[in-house]
Amino acid sequence: MSTQNPASTTSSGTGSSTESIIDLSGVDFGYTSTPVVEDISLRVTPGEYAAVVGPNGSGKSTLMQLMLGLLRPDEGVARLFGEPSHQFDDGERIGYVAQHASASKAMPITVREVVKMGRYPHVGFGRLSSEDWDIVDRALDIVGMTSFASRRVTQLSGGQRQRAFIARALASEADLLVLDEPTVGVDIESVEAFYDLLDALNQDGITVLLIEHDLGAVTEHADRVICLNREIYFDGPAGEFVESDALARAFGTTANLLGGSR
Amino acid sequence: MTSLPTIPLQAGPLNPVFEPLYWFLKLWSGFMSWVAGMTGLELLQYGFMHRAILVGLCIGVMAPLIGTFLVHRQLALIGDALAHTGFAGVAVGLFVNAVFELGISPYLTAVIVSMIAALFIELISEATDAYNDVSMAIVLSTGFALGTTLISINAGGLAVGVNQFLFGNLATVSQDSAAILLLLFVIIIGVVALTRNQLLYVTFDETAAAVSGLSVSWYNRIMVLLTAMVVVGAMQIMGVILVAAMLVVPVAGASQVSRSFNESILVSIVLAELAVILGIGVSYSAEATAGGVIVLLAVAIYVVAVVLGKLQTVFSEEDTPEMGSIDMGEAKPSDD
């Protein structure tokens, strides 16, 4: 529906946190006493196309879960659309796409049924209205999957499956699209089309947050790169990231970290 | 709390709930007698068969309905674990009845014990962050051990009655237990009808469901409680040992031949009903245990479904639709 955030129109006090979609300040988190992420402060504002990169085990997925309120920080504050992340319950504003391409769930479910789930936060315990179905069909159309609508998701290629999940996020009319390594197991051709789709959606005003290990794709498509390995090594424009030595530093220390902690 | 002249279910306070169910049972029995008169089928002449058929039909709907959600979460074995704790509940009921000279239906205590065990499994998994088969196995064996111990303490005539719970029995479906099953059936169908969207979302994609604001742990709790109800309800005919099959086998068959989730639920119910109705007929005429016959038939139907499913994929391989272009960006060629 509307992309207006009621919180952003009310200018309260500092006003700094209300403009951000994601706002982390001084966030620490660890599953055990060893911190997985440490002293993370960052803000994502509407319309951004930001990518979080880092080696395996660098805490990328943990950071994403902290941002989305699936985990609560041990220290610091995590805010989502101006609210504390773990209390945020306006779920239809967020579209979430995970590594579904490789997940081989044998569940019989059609593409349309998956996309339909995007409307569930809107309808609650009720049924989908014809308006909801129109939105579902439009989302299918945008990602070019209309002719696959009644196909079983398990019969799709990795790239097609990811389009279906993007369509679900679109059907929820999300302001923020969060993708956790979405192209794992997707063939190269489809990956290209997939990033073109993200570019187009971002130009349309949707904030995109991408968690990715494929550095080439990130520097080519994202506007902003956040390089993470337990703490933030780089946060800035994608162009500057390529020239900086953050990559070498973040990935260079991995060997030691992995050797020690795993 | 009006007490009837004849108290069918000894749990007095529940009478207002059960009264309409007994009325429905009477109505159903009348209908079955009419069918018997029309068709001349011998097995429909007996009152216990009327009830057994009704219970069987209810099982054929609710077991695959709940089973569909369980199977696709890789939770197929939770039914087995809960059935064994249900057995402990039966033993508790028999024990309490013997010690305090009460007349509580063992199925009622089974429902309660099994639901407590279900919540227990769920809470363990929430604390440890995973459903693990070790905790499931512990709950399963604890339930069965508790059951056998309680029954052996009671000893004597009880051992005879236990077979009915272990293996199920068409002839022992009493008015009371049929009424309990009807009540469970209404609750289960009602809850699933209300929360089907949420249950599907949590089943299919737990993280996305959590991101979209659903309380995943609450829906998991609802799911295991419903499972406990189904298992105890179905125990009467299927028995403790075979009850889990009704949650799993028809669902496995249906996922072979269905494309959509809704279709798979419908197909699994049809397959289950087929197995139940045929199974009751065969077991009556062959004088075999109904539970065993029903499961064997369900497995046979599953095998047929697998073959059909394979044929289906062979013949549908030719028509691959063109993938549409992405509407917002430039047109992309199909990548098939």
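Between B:GLY143, B:GLY89, B:ALA52, the Cα set farthest toward the positive side of the dipole of segment B:12-246 (charges on each charged residue's Cβ, about the Cα centre) is that of B:ALA52. For chain B, the longest principal axis of the C-alpha atoms and the axis of helix B:15-39 are separated by about 80°.
Checking every one of the chymotrypsin sites (Phe, Trp or Tyr not before Pro) in segment A:112-190 against DSSP loop status and a limit of 14 other Cβ atoms within 10 Å picks out A:PHE125. Figure note: A:THR154, B:THR109 ranked by solvent-accessible area, largest first, 1.4 Å probe, ligands and nucleic acids not counted: A:THR154, B:THR109. Summing both sides, the accessible surface hidden between B and A at a 1.4 Å probe radius is close to 3900 Å². Here's the picture: charge each Lys and Arg Cβ at +1 and each Asp and Glu Cβ at -1 in chain A, and of A:PRO46, A:PRO108, A:ALA193 the one pushed furthest to the positive end of that dipole is A:PRO108.
Label zone (B:ASP133, point 7 Å along Cα-to-C-beta; backbone nitrogen cut-off 14 Å) within segment B:245-269: none.
Local charge for B:SER260 was computed over the other residues whose Cβ lies under 14 Å away, with Lys and Arg +1 and Asp and Glu -1, and equals +4.
Legend: mean number of C-beta atoms from other chains within 10 angstrom of residue C-beta atoms, peptide B:192-205, equals 4.
How are the C-alpha pair distances of segment B:88-138 spread across 10 Å bins, as whole percents from the shortest bin up? For segment B:88-138, the binned pair fractions read 26, 36, 24, 13, 1 percent.
Straight-line cross-link partners of B:LYS310 among the aspartates and glutamates, defined as a Cα under 20 Å from its Cα and at least 8 positions apart when in the same chain: B:GLU263, B:GLU318, B:ASP319.
Net charge dipole, chain B: roughly 1140 debye, given to the nearest 20, about the Cα centre with Cβ charges of +1 for Lys and Arg and -1 for Asp and Glu.
Proximity of backbone amide H atoms, modeled 1.01 Å from N, is registered between A:GLY144 and B:ASP327 at under 5 Å, excluding neighbours fewer than 5 places apart on the same chain. As a calculated quantity, the FRET efficiency between B:PHE315 and B:VAL35 at R0 = 45 Å, using C-beta atoms, amounts to about 0.70. Computed over segment B:12-246, the Cα gyration tensor eigenvalues convert (square root of 5λ each) into semi-axes of 31, 24, 15 Å, ordered from largest to smallest. Estimated purely from DSSP H runs of n ≥ 4, each contributing -39500 (n - 2.57), the mean residue ellipticity at 222 nm for chain A is -10000 deg cm²/dmol once divided by its residues. Computed over chain B, the per-residue total of -39500 (n - 2.57) for DSSP H runs of n ≥ 4 gives a 222 nm mean residue ellipticity of -27000 deg cm²/dmol, rounded to 500.
Per-residue surface analysis assigns B:VAL293 an accessible area of about 20 Å², computed on protein heavy atoms at 1.4 Å probe radius. The amide H of A:TYR96, built 1.01 Å from its N in the peptide plane, has A:VAL178 as neighbours under 5 Å, considering only residues 5 or more places off or on other chains. Classification of segment A:27-133 by its C-alpha gyration tensor yields a prolate form. The axis ratio a/c (a ≥ b ≥ c) is 1.5 or more, and a/b outweighs b/c. A simple rule links phi to the HN-Hα coupling: the Karplus curve 6.51 cos²θ - 1.76 cosθ + 1.60 with θ = phi - 60°, which for segment B:96-109 gives 4, 4, 6, 6, 9, 6, 9, x, 6, 5, x, 5, 5, 5 Hz, with x for Gly and Pro.
What is the local net charge at A:ARG249, summed over the other residues whose Cβ is closer than 14 Å to its Cβ (Lys, Arg +1; Asp, Glu -1)? Spelling it out: positives minus negatives among the neighbours equals -3.
Only Lys, Arg, Asp and Glu carry charge here, each on its Cβ (+1 for the first two, -1 for the last two); on that basis the protein assembly as shown has a dipole of about 2640 debye about its Cα centre. Against chain B, whose longest principal axis is taken from its Cα atoms, helix B:175-204 shows a tilt of about 20°.
Taking label points 7 Å from Cα along the Cα-to-Cβ direction, A:ASP28 and B:THR207 give a separation of 2.6 nm. In the protein assembly as shown, the convex hull through the Cα atoms has an average projected area of 33.2 nm², a quarter of its surface area.
Label sites at B:LEU308 and B:GLU101, each approximated as a point 7 angstrom past Cα along Cα to Cβ, lie 5.7 nm apart. Label zone (A:ASP89, point 7 Å along Cα-to-C-beta; backbone nitrogen cut-off 18 Å) within segment B:214-230: B:214-222. Taking the C-alpha atoms only, the angle from helix B:261-286 to the longest principal axis of chain B is near 40 degrees. Working from Cα pairs under 8 Å separated by at least six residues, relative contact order for segment B:12-246 is 33 percent. The modelled label-to-label distance for the pair A:SER147/A:GLU243, using points 7 Å beyond Cα in the direction of Cβ, is 4.6 nm.
A 1.4 Å probe, protein heavy atoms only, puts the accessible area of B:LYS310 near 130 Å².
The values are calculated or read from the model by the stated rules, or taken from the named source; none is laboratory data. Predicted model, so just to flag it, every value in this text is computed and none were measured. Because the Cβ atoms are built from the backbone with ideal geometry, glycine has one as well, and the counts that use them run over all protein chains shown. Side chains are part of the model used for accessible areas, which takes the heavy atoms of the whole protein and leaves out ligands, DNA and RNA. Shrake-Rupley method; radii C 1.70, N 1.55, O 1.52, S 1.80 Å.
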